[in-house]
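Participant: My questions will all concern the structure given below.
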Amino acid sequence: DARVTQTPRHKVTEMGQEVTMRCQPILGHNTVFWYRQTMMQGLELLAYFRNRAPLDDSGMPKDRFSAEMPDATLATLKIQPSEPRDSAVYFCASGSGGFSSYEQYFGPGTRLTVT
Amino acid sequence: QKEVEQNSGPLSVPEGAIASLNCTYSDRVSQSFFWYRQYSGKSPELIMSIYSNGDKEDGRFTAQLNKASQYVSLLIRDSQPSDSATYLCAVNKGNKLVFGAGTILRVKS
């Protein structure tokens, strides 16, 4: 059963602390996306990768957020330092990235609360 | 103008009725269109994709695409209480997907 996995599922931290979220894309998928979802803003694209190379991170606050893909089975999203306004659900999604296929499959998400 | 627009709802339909969800998009060059279902507290789940004008049916779901009018719709036949969720419309913009804000559907038993 191919699925995107994310860890941790829940994270509560204090303002100023570093937060690292991890994602394992579906085996064979070469595109990975990071989204943030809040009630006010809906689903926002933060960054995405193709074949591990970052293609677009324009949706991410550059001063505190960073996204990497150290290998084909792991993508990370870091927030340092975290702020209360970062509280949201963070989703990772992956896709096969074919020219005519933009389907994306979402992981279960990491619910982040910054106090 | 938002790139992908949906009526936020909630759309309430009785059990067994047809639910009709609509979406309009602004980018004429978009070629791929998707419907995701999101239950409260869960992640979006891909339920339909459509690439050509016309209808595409999958079980109780039918996606309709009209590129000339720039709209996509999702029909759910024989609606069930388990269909109650938020439905997100997504449209490709290059390699990315742009999501609408979603329509809340409530199916009353």
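Participant: In this structure, does A:Gly59 turn out to be within 14 Å of chain B (Cβ to nearest Cβ) and in contact (Cβ under 8 Å) with a residue 60 or more places away in the chain?
Facilitator: no
Listed here are the residues, each with its yes/no results for (1) in contact with a Ser or Thr (Cβ under 8 Å, 6 or more places away or on another chain); (2) loosely packed, with under 14 Cβ neighbours inside 10 Å.
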residue	(1), (2)
B:Ser8	yes, yes
B:Ser12	no, yes
B:Ala17	yes, no
B:Asp27	no, no
B:Phe33	yes, no
B:Tyr36	no, no
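Participant: Here's another thing I want to ask about it. Evaluate region B:77-87: report whether one residue or more is on the phi < 0 side of the Ramachandran plot and within 11 Å of chain A (Cβ to nearest Cβ).
Facilitator: Within region B:77-87, one or more residues are on the phi < 0 side of the Ramachandran plot and within 11 Å of chain A (Cβ to nearest Cβ).
Participant: If you take the residues of region B:28-45 that are within 13 Å of the chain's Cα centre (by Cα) and among the hydrophobic types (A, V, I, L, M, F, W, C), which of them is farthest from the other protein chains (Cβ to nearest Cβ)?
Facilitator: Per the criteria, the residue is B:Trp35.
Participant: Out of B:Val91, B:Val107, which single residue is more than 12 Å from the chain's Cα centre (by Cα) and buried (at least 17 other Cβ atoms within 10 Å of the Cβ)?
Facilitator: Step by step, each of B:Val91, B:Val107 is checked, and only B:Val107 is more than 12 Å from the chain's Cα centre (by Cα) and buried (at least 17 other Cβ atoms within 10 Å of the Cβ).
Participant: Which condition does B:Phe61 not pass, out of (1) in contact (Cβ under 8 Å) with a residue 40 or more places away in the chain; (2) in contact with a strand residue (DSSP E or B) (Cβ under 6 Å, 6 or more places away or on another chain); (3) more than 13 Å from chain A (Cβ to nearest Cβ), if it passes all the others?
Facilitator: Condition (1) is where B:Phe61 drops out.
Participant: Filter region B:88-109 down to the residues that are facing chain A (nearest Cβ under 9 Å), in contact (Cβ under 8 Å) with a residue 40 or more places away in the chain and assigned to a loop (DSSP other than H, G, I, E, B) and list them by number.
Facilitator: Across region B:88-109, the qualifying residues are B:Gly100, B:Ala101, B:Gly102.
Participant: Of everything in region A:64-115, what is within 12 Å of another protein chain (Cβ to nearest Cβ), free of Cβ contacts under 8 Å to residues at least 60 places away in the same chain and of a type in the set (Phe, Trp, Tyr)? Give them in sequence order.
Facilitator: Hits for region A:64-115 are A:Phe99, A:Tyr102.
Table: residues versus (1) modelled with pLDDT of 95 or more; (2) within 16 Å of B:Ser43 (Cβ to Cβ).
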{"residue": "A:Val12", "(1), (2)": "yes, no"}
{"residue": "A:Gly16", "(1), (2)": "yes, no"}
{"residue": "A:Thr20", "(1), (2)": "yes, no"}
{"residue": "A:Gln24", "(1), (2)": "yes, yes"}
{"residue": "A:His29", "(1), (2)": "no, yes"}
{"residue": "A:Tyr35", "(1), (2)": "yes, yes"}
{"residue": "A:Met39", "(1), (2)": "no, yes"}
{"residue": "A:Tyr48", "(1), (2)": "no, no"}
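Participant: Another question, if that's okay. Return yes when A:Val19 is closer than 20 Å to A:Pro108 by Cβ and touching a helix residue (DSSP H, G or I) at 6+ places or on another chain (Cβ under 9 Å) and no when it is not.
Facilitator: For A:Val19, the condition - closer than 20 Å to A:Pro108 by Cβ and touching a helix residue (DSSP H, G or I) at 6+ places or on another chain (Cβ under 9 Å) - is met.
The values are calculated or read from the model by the stated rules, or taken from the named source; none is laboratory data. Just so you know, these numbers come straight off a predicted model, no measurement behind them. Don't worry about glycine lacking a Cβ; one is built from the backbone with ideal geometry, like all the others, and counts go over all protein chains shown.
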